[in-house]
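What follows is a set of notes on a single structure, which appears directly below.
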Amino acid sequence: MITAAFDTSVGLAIAVAEDDEVILQHSTRQTSGRRANDMADWLLKNLTDARIRPAEITRWTVGTGPGSFVGLRCGMALIKGICTQSAAQVRGLPSSLAVALTPEDNELPADCNRVAVLNDARQGEVILTVYEGKDRQYTPIGEAEVKAPEELEALLNENTAFVSIHADILADRLTPGVQERLIPVEDLAVAQLIAPQGFPW
């Protein structure tokens, strides 16, 4: 079975797996070309280069953010259109889950039982999404929320690791305690959304 994940929350990211083996994973942080036709060209080029036909993919997961509203909307519409043609299943999972699952276990504090994903909310604020669990099986705690950076201090006493794909942007506005625990993520490992534990079809 061939499954895939596509995310447009931060640039563009595609991953394809055959059974349990990831056979394609590519991402770009480029934010220009956010129109659906540009995304389609990028997606089809990556699939073609990997000798994968869209009709072969039986399940798609699409990232639902947080992220650029225009990018997310166009990405969801594109994958829904592909699935309409191919009769593949489609579901949405938070893009922040892929960010939470990206750090290796040895990068997280030994006593960590919460991962707080931080996204740039602009205007000096952050978007906070909190996941709870261990052994890479996370459950979201509530919805993503916009927070002032100082409000994150409340999580420091709760064995929380902070992870962000926007670490370079956010670092200056975070308090020292949060900065010390911040794990930067360079690229969105969208393959994490293909078959995460605890999120069945």
Nitroxide proxy distance, nm - points 7 Å out along Cα→Cβ at Ile23 and Asp41: 2.7 nm
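Using DSSP loop states and a limit of at most 11 other Cβ atoms within 10 Å to flag GluC sites (Glu not before Pro), what is the longest stretch of the chain containing no flagged site?
Working: sites that count: Glu104, Glu143, Glu186.
With a cap of 11 other Cβ atoms within 10 Å, the longest stretch comes to 1-103.
Could you work out the helix-only [θ] at 222 nm for the chain, with each DSSP H run of four or more residues adding -39,500 (n - 2.57) and the total divided by the number of residues, to the nearest 500 deg cm²/dmol?
-7000 deg cm²/dmol
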Note on the stretch 12-122: the mean projected area of its alpha-carbon convex hull, in nm², is 8.3 nm²
Using 1/(1 + (r/R0)^6) with R0 = 35 angstrom and r between the beta carbons of Glu104 and Phe69, what's the FRET efficiency to the nearest 0.05? 0.65
In nm, the gap between the two label points placed 7 Å beyond Cα toward Cβ at Ile141 and Arg173 is 2.2 nm
Its Cα gyration tensor gives the chain an equivalent ellipsoid whose semi-axes in whole Å, largest first, are 30, 18, 14
Positive-end residue, the chain charge dipole about Cα centroid, Cβ charges, pick of Ala87, Val126, Asn113: Ala87
In Hz, Karplus ³J(HN,Hα) per residue of the stretch 97-110 (6.51, -1.76, 1.60; θ = phi - 60°; x = Gly, Pro): 5, 4, 5, 4, 8, 6, x, 5, 4, 6, 8, 8, x, 4
Apportionment of accessible area to carbon and sulfur, the chain, percent (1.4 Å): 47 percent
Using a Förster distance of 41 Å, the FRET efficiency for Met1-Glu180 (Cβ separation, nearest 0.05): 0.45
Placing unit charges on C-beta atoms (Lys and Arg positive, Asp and Glu negative, everything else neutral), compute the dipole magnitude of the chain about its Cα centre in debye, rounded to 20. 940 debye
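The values are calculated or read from the model by the stated rules, or taken from the named source; none is laboratory data. Small disclaimer: the values here were computed from a predicted structure and weren't measured. A quick note on method: Cβ atoms are made from the backbone with ideal geometry, for glycine too, and the neighbour counts reach across all protein chains shown. Side chains are part of the model used for accessible areas, which takes the heavy atoms of the whole protein and leaves out ligands, DNA and RNA. Shrake-Rupley method; radii C 1.70, N 1.55, O 1.52, S 1.80 Å.
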